[in-house]
Amino acid sequence: MFGGIEAGGTKFVCGVGTCPDDLRLGWFPTASPEATVASVSAFFREQANAQISAIGIASFGPVDLHLDSPTFGYITSSPKLEWQYYNLAGALGRALNVPVGFDTDVNAAALAEARWGAAQGIADFVYLTVGTGIGGGAMVRGELVHGLVHPEMGHIRVPHDLAKDPYPGGCPYHQDCLEGLASGPAMEARWGVPAQQLPVDHPGWELEAHYLALGLATWVCTLSPGRIVIGGGVMQQQHLFPMVRRELTRLLNGYIRAGALMDEIDQYVVPPQLGNRAGVLGAIALAESACQRLDVAAGGKDK
């Protein structure tokens with residue numbers, strides 16, 4: 001059995017299991033680092049009969065994912081000031097005395113959708129979440145994309161016509177990046193009510209579809225994914241999916257000659273199958289990988 005933690009800015013979702021079928025869940029509000037780690041640790045100790053072999057953490061970011069870095073497992077330049085440069089993986093690893101897997105929340109969700117959800121059997125895909133913020137993860141040839149840090153898909157720059165949309169954008173770093181224009185808080189700031197309260201025929205949805213499709217068009221042309229999975233609170237409005245698909249088709253204008261985009265776009269841009277469990281299930285998968293790494297390392301020492 002493995003432990004999984006989806007570490008979010010407002011709550012920590014914890015789970016014990018091996019797959020969607022045997023997952024047991026609990027959750028705690030995100031408080032101070034010390035108080036939150038204490039609550040999470042207590043949850044897993046109560047599950048001691050499950051004999052947890054490792055835990056995985058799917059964390060809000062930015063985070064340090066480099067295994068050879070002295071700050072691996074840290075939350076780094078987070079806007080949540082008390083969490084800045086906090087060693088989350090180290091604190092939980094010490095508290096529970098088990099190996100720890102660590103990645104971003106969106107990368108973990110992508111991992112879960114690849115294994116159990118909407119991207120099964122697809123080696124190259126993008127997972128995007130649109131809610132309080134916008135984040136994305138990508139798989140290429142079956143491996144999560146990392147690099148200098150990790151993908152920050154919500155902070156790409158997109159065209160912003162101030163005559164049509166005078167809202168300046170809400171990102172504290174970039175103002176009118178994709179997150180600054182199309183996240184849930186950006187929609188609320190622009191229109192004065194939360195996104196879910198906008199009528200289906202409100203012009204805000206066309207604008208939202210336009211901004212999201214601009215982001216998708218960028219990733220179609222750069223990563224060439226075999227599928228795009230979009231989750232998050234804003235995407236709970238199911239009428240938004242056909243609007244995004246239509247706008248993506250218009251923006252690409254027939255340039256990418258692939259059947260998935262031309263004839264099967266309803267199966268190309270899709271919602272997640274795992275819903276709000278994707279993050280914690282991805283963390284379970286991270287825990288399993290951490291356990292396997294430890295076994296490989298132990299085997300090498302034995303030799």
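The values are calculated or read from the model by the stated rules, or taken from the named source; none is laboratory data. All of these numbers come straight from a predicted model, not from anything done at the bench. Virtual Cβ from ideal backbone geometry, glycine too; neighbours counted across all protein chains shown.
Quick check, is residue 287 buried (at least 20 other Cβ atoms within 10 Å of the Cβ), touching a helix residue (DSSP H, G or I) at 6+ places or on another chain (Cβ under 7 Å) and not in a loop (DSSP other than H, G, I, E, B)?
Values: buried (at least 20 other Cβ atoms within 10 Å of the Cβ): yes; touching a helix residue (DSSP H, G or I) at 6+ places or on another chain (Cβ under 7 Å): no; not in a loop (DSSP other than H, G, I, E, B): yes.
Considered against the rule, which asks whether it is buried (at least 20 other Cβ atoms within 10 Å of the Cβ), touching a helix residue (DSSP H, G or I) at 6+ places or on another chain (Cβ under 7 Å) and not in a loop (DSSP other than H, G, I, E, B), residue 287 comes out as no.
Considering 184, 117, the condition of being under 26 Å from residue 234 (Cα atoms), in contact with a Ser or Thr (Cβ under 8 Å, 6 or more places away or on another chain) and either modelled with pLDDT of 95 or more or surrounded by fewer than 24 Cβ atoms within 10 Å (Cβ to Cβ) (or both) is satisfied by 184 alone. Within region 1-30, residues that are closer than 20 Å to residue 78 by Cβ reach partners that are assigned to a loop (DSSP other than H, G, I, E, B) and hydrophobic (A, V, I, L, M, F, W, C) with beta carbons closer than 7 Å, at six or more positions or on different chains, in the pairs 7/60; 8/60; 9/60. Looking only at residues in region 209-226 that are crowded, with 20+ Cβ neighbours inside 10 Å and out of contact with any Leu (no Cβ under 7 Å at 6 or more places or on another chain), the one that is nearest to residue 114 (Cα to Cα) is 225.
Only one of (1) out of contact with any helix residue (DSSP H, G or I) (no Cβ under 8 Å at 6 or more places or on another chain); (2) in contact (Cβ under 8 Å) with a residue 60 or more places away in the chain; (3) buried (at least 17 other Cβ atoms within 10 Å of the Cβ); (4) not aliphatic (A, V, I, L, M) is not met by residue 176, so which one is it? Answer for residue 176: the failing condition is (2).
Restricting region 67-76 to residues that are surrounded by fewer than 22 Cβ atoms within 10 Å (Cβ to Cβ) and in contact (Cβ under 8 Å) with a residue 12 or more places away in the chain, which is nearest to residue 144 (Cα to Cα)?
Initially, region 67-76 is screened for residues surrounded by fewer than 22 Cβ atoms within 10 Å (Cβ to Cβ), giving 67-72, 76.
From the residues that got through so far, the ones that are in contact (Cβ under 8 Å) with a residue 12 or more places away in the chain too are 71-72, 76.
Numbers: 71: 20, 72: 17, 76: 20 Å.
In this case the residue turns out to be 72.
The criterion of at least 2 residues that are assigned by TED's automatic domain parsing to the domain that holds residue 132 and over 18 Å from the mean Cα position of the chain (by Cα) is met, among helices (runs of 4 or more DSSP H) falling completely within region 166-274, by 184-191, 203-223, 240-252, 259-262. Confirm whether residue 155 is surrounded by fewer than 20 Cβ atoms within 10 Å (Cβ to Cβ), touching a strand residue (DSSP E or B) at 6+ places or on another chain (Cβ under 6 Å) and of a type outside the set (Val, Ile, Thr). Yes: the conditions hold for residue 155.
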